[in-house]
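Bear in mind that the values in this text are calculations on the coordinates, not laboratory data. Predicted model, so just to flag it, every value in this text is computed and none were measured. As a convention, Cβ positions derive from the backbone with ideal geometry for all residues, glycine included, and neighbour counts pool all protein chains shown.
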Amino acid sequence: MKKIVLLLGILLAQTVLATDSQDANISLTASDGSGLEMRSLKARVVIEGFLAFTELEMVFYNPENRRREGRFQIILPNNAAISRFAMKIGDRLQEGEIVEKKLARRAYEDFLHRRQDPALLESDSGNRFNARIFPIEANSEKHLILSYSQRLKADYVLPLKGLPRLKQFSLKVFYDKSSSGNTKMGELTANLSKRDILSIDKRNYKPRVDFRMPYKKGKLALQSKQLVAVKIIPFTGRSQQTKQKFAQLVILVDTSASQAPYLSKTIDRLYKLLPKLSATNLLLYSFDQEVRKIGEADNLTAQQSLIKKLKNSQALGASRFDAPINMLERLRLKKKYRLLVISDAVVTAGETSGTKLMQQLQSVSWLERVDILIPSTHNDQQIAKSLAKAGKSQGTVASMTLSDVEIIRKLTSSVYNNIAIKVSGSKWYWPEKVEALQTNEPLIVFAERKARQGNKLRISVGNKHWDLTSKAANPILLKREWVRARLNKLLSMEDKTQDRDMKSAFHNQIINLSVKERVLSPYTSLLVLETENDYKRYNIDRNGLADILTIGADGLTVIKRTDIEIPPPIVVNKPRPVPQLHLRRFGIRGEDDAPAVEEAEEAPRQEEINATDLNVSAAVPAVAAAVTAGAPPQAERRREIRMRSANQPRELSHAMEAQDRMRAELDRERPQYDEGELMAMPAPAPKLKKTVALTGNYAKFHALLDKGEIKAAGKFAQKWRQENLADVMALIALGEWYEKTGNIQQAARAYGSLIDYFPARADIRRWAAERLLAIKSANWLSIDSLKKAVEQRPDHPSGHYLLAIAQLEDGQEQAAKETLQIAIKRNYPRFQAANRILKETLALMEKKQQKRQLRLVLMWETDANDVDFHIYDKQGNHAYYSQKNLSTGGSLYADITTGYGPECFTISKPKAYPYRVQAHYYRRGPMGYGMGVLHILKYDRKTGLNSEFRPFVVMKDGAFVELGKIK
């Protein structure tokens, strides 16, 4: 083979504040934010005309000595869509299936709690996708495969810059020489075979640049049967194009948290571009969850001084577009102004519909044109393109990776828009009109032609025509992109309609088409379960679905669904169930000591098992002996015991681990109990351990606060955040430091940053809202975030509860009641007493309660773990999971051992003030830190409802956190 050297052009990612890893488009972290090592990356690529297919095989390593859940994240190129997601389970690959998003989330959490091997991948925001992966075993590797297809409007780019040092990196590209450009020098050496295969293989390699494959531009038509894809350049450099100058200009700069890696370079770039814009008057604003006016200037020197002021801005907060639009409406400018928005256009707060934001922006009377400059690889093209339509003339959307010359050309040139497209002999095509094209930019059109049309076709744009002869294309790759075009059309129609029934119909069509054709949409996810029976449990049919596109030794190929080896159900010799009440009586709870997790509605209920029908003593003789030792003869008679059915062998090991403690407790004192006393005997209260609740940087930060070193704590929090911009605990520390210094506005921005980084995670949205409610700031953001959390996870009762309380605190009493009325109509099988908590809270709001009442509600935003609630009165009486009542009054409703809560302790006519409250991290589980809140709700008929939030963090197993006294 002939050796050539490729040009690896740098896909100009913007500045990183601390480490190169901030630029990485691929990452895997534990749920608590700690990183996992990426060991190898094997990439295989097929480029066919202007379509490309990429398959990534990744190996990650968990360096810790504990099982964890991981969060995989990838930022895809624009015009890309995920095709495949597979996870290695044992010695085989298990393929993910396209599933409706809410069902997929429910199934994932179900199997997570069963300690099985699920994975879930879904769209996060814009072109960023996240996957939840469990388990990542201690000191072991996790193998993942992900593939995506894309439409090429420019060179093919595989983002590599920012990845860590890899033990192994390999790349193989199958391509057509006739559609590839010349290669030039670069840092990677490649081997090129006569079969048009480019190969790269490196060891111990840290990528410094992205891989770029140039290709020849021009018109091209691809066809498979009746499906056609056409790429043309309708407006060339010779086309007439009007120059549009900047006279009056408003600039909005996005300073939300997600812009932190890019903001400094963005400001520097804007400073250099400003003289070339030649604006006679400039109004400059920054925005995130707030809008701030930087200033106004009518000469270049003053304008550049304004730009420098942006350097003082810290990238924090959620990203909200409707607020700056409202501000623009209030300006009432007399002259025509252009608007330049510098943002990733990823909206994480407020209105999120691109169509509604465009309509709102169209009401600004002085608005001439809107242009969007995108500084980051993570972006939302749909929102950006919608905003660019809002002016009197069409604007453009451009990446800030372009040269200064190209950016100025795009900003000062007119944009072609709303020009009709036609494809001869077709019964369907998309798009139907040109939207926002400038000179020398390609237009890609997909069509379904009528039968027997041959390979000759004509495409028309306005009064221009192109006669093309199509070439054969891979049928599965072309169909994937054709289906994406259908989905794009349905999404556009759904966004534009105001009719709720039509919106719902489009929504369902999108889901059905996505599932059928194996093309991910905003409303579907890729779900990996362990066995075929697991899929059947949720009525997920794996037999009639689309084949899986992959890359083999000779390029594109398919995995036939009939070729997939369906693993047999895992047969486990189940041990006899262990009486749970006996374990609890001695304060012992095993790893799986928890009620059954939330099931699909058709799932069977938890079994009632008769103890005499099970040979308990034969199954676990040591446990049976310990339980019956010293019991009177009548204790042997038949009795009903409620128990979990055991579905994993580890149940037995947990019981056996408990036996010595149980025997020792019984042998120490052998009282003669009758049966009723034996069954009712409470567990001894767990002793308060001296285990430190915090660990790592967060513990160091709090140590500084505890010593009163406020300035040092602030520097530590700032540095920590700079080193890992999206670290949840770093942002919490930063917010707490701002609280300590009295800067509540900045604290609210720090907590709002959680929403900006994790907009698709209902648990993080709730926790951000809890923090905001605790500091009584940005109520609108609390309510907005909780509404979105409820929409994402309506099966989590804490979201409904928190939303109602937030609305009540904001003076929206009727809305709060309606929220609870809707919530109590749902069933929450995983969360004991949830409906009771919601109903009683509604009764308080409706003032149906006559007595004074104190309600303590504990919630935590961590799944698959156990946080216990402990309450003490002034006499030292203690209520907890095994002793739920206080002798002075009050009762604990339920003990939630599978994550999230809520747990509620209610006291009617409280009289034993002060009460002291603790949270105990009984079992950490795979999810990491326990992050939650205590909500205190006091009711009196004279004063009404009074509310207080006390957030907490607990990081170590067995640790207690003091939540303070209630007076």
| message | Suppose every Lys and Arg Cβ carries +1 and every Asp and Glu Cβ carries -1, with no other charges. What dipole size does region 43-178 come out with about its Cα centre, to the nearest 20 debye? | response | 320
| query | HN-Hα J couplings of region 428-434 from phi, Karplus 6.51/-1.76/1.60, θ = phi - 60°, integer Hz, Gly and Pro as x? | reply | 7, 7, 8, x, 9, 9, 6
| request: Give the long-range amide H neighbours of Gly899: residues separated by 5 or more places, or on another chain, with amide H under 5 Å away, using H modelled in the peptide plane at 1.01 Å from N. | output: Ala864, Asn865, Val867
| said: From the phi angles alone, apply the Karplus equation (6.51, -1.76, 1.60; θ = phi - 60°) to region 309-320 and give each ³J(HN,Hα) in whole Hz, x where the residue is Gly or Pro. | reply: 4, 4, 4, 7, 6, 9, 6, 8, x, 6, 9, 10
| query | What FRET efficiency would be calculated for the residue pair Thr236, Asn204, taking the C-beta separation as r and a Förster radius of 35 Å, to the nearest 0.05? | reply | 0.15
| Between Val347, Ala257, Leu227, whose Cα lies farthest towards the positive end of the dipole of region 215-365 when Lys and Arg beta carbons carry +1 and Asp and Glu beta carbons carry -1, centred on the Cα centre? | Leu227
| field | region 703-830: C-alpha pair distances exceeding 20 Å, % | value | 48
| Which order, highest average first, do 447-460, 718-731 follow once you tally other Cβ atoms within 10 Å for each residue and take the mean per peptide? | 718-731, 447-460
| remark: Listed by chain and number, the residues whose amide H is under 5 Å from that of Gly391, excluding neighbours fewer than 5 places away on the same chain and using placed H, are Val370
| request: Step through the residues of region 443-453 one at a time and calculate ³J(HN,Hα) from phi using the Karplus curve (6.51 cos²θ - 1.76 cosθ + 1.60, θ = phi - 60°), rounding each to whole Hz and writing x for Gly and Pro. | output: 10, 10, 10, 10, 8, 10, 8, 5, 5, 6, 9
| remark: Placing each pseudo-label 7 Å from Cα in the direction of the beta carbon, Ala247 and Arg165 end up separated by a distance in nanometres of 5.9
| Say the dipole of region 856-967 comes from +1 at the beta carbon of Lys and Arg and -1 at that of Asp and Glu; which of Gly944, Pro902, Leu892 then lies farthest toward its positive end? | Gly944
| said: Going Cα to Cα from Lys956, which lysines come in below 17 Å? Please leave out same-chain ones fewer than 8 positions away. | reply: Lys687, Lys689, Lys690, Lys700
| field | Distance between modelled label sites at Asp91 and Gln381, nm, 7 Å Cα→Cβ extension | value | 4.3
| Estimated inter-spin distance, Lys471 and Trp428, nm [label 7 Å along Cα→Cβ] | 2.7
| note | Sorted on mean Cβ neighbours within 10 Å (highest first), peptides 697-707, 753-763 come out as 753-763, 697-707
| request: Using R₀ = 25 Å, calculate the FRET efficiency as 1/(1 + (r/R₀)^6) where r is the Cβ-Cβ separation of Gln453 and Lys219; round to 0.05. | output: 0.85
| request: Arrange the peptides 206-212, 936-942 so that the one whose residues have, on average, the most other Cβ atoms within 10 Å appears first. | output: 206-212, 936-942
